[in-house]
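**Student:** For reference, the structure I am asking about is given below.
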Amino acid sequence: MTNRIEQKVYYKLSFNVDLQSVDDITWVREQMQVLEKEPDIMRCFQNMTVDYGSLGNNPNIRNKNWSIEDDAKGFSIYYRKEDNSTIDRFLFKVKLKFPNFRHEITQTVKEYF
């Protein structure tokens, strides 16, 4: 008889918004920092870099990795429960601020502390 190991399932919310400025990235990141304090949220990731160039006056927002579109700007949030009211409130705020908001939720076995 073999022992079965139960694999826990977690969730990953990946989303992108139509970023117009570095202030937009800052707004989303600040909202995500509030999320990270919640017990069911494991980690939040910003999947892009901001390059200020040699003069520092014209920032270029570049995507690191995104699964929906190659040129989309993305963020990821890992959380523990499927039905999460904190995530729902966060999505509502982001949808209000960014009309071209897109997201996808996938199951994952990754756990972040």
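The values are calculated or read from the model by the stated rules, or taken from the named source; none is laboratory data. Computed from a predicted model, the values in this text were never measured in an experiment. Here the Cβ positions follow ideal geometry from the backbone for every residue, glycine too, while neighbour counts run over all protein chains shown.
**Student:** So is Lys73 modelled with pLDDT of 90 or more and of a type in the set (Lys, Arg) or not?
**Tutor:** Values: modelled with pLDDT of 90 or more: no; of a type in the set (Lys, Arg): yes.
Judged against the criteria, Lys73 is not a match.
**Student:** Quick one: in region 9-31, which of the residues that are in a strand (DSSP E or B) and of a type in the set (S, T, N, Q) is surrounded by the fewest Cβ atoms within 10 Å (Cβ to Cβ)? It would help to see each step written out before you state the result.
**Tutor:** Of region 9-31, the ones in a strand (DSSP E or B) are 10-16.
Next, only the ones that are of a type in the set (S, T, N, Q) stay: 14, 16.
On the way: Ser14: 20, Asn16: 23.
Per the criteria, the residue is Ser14.
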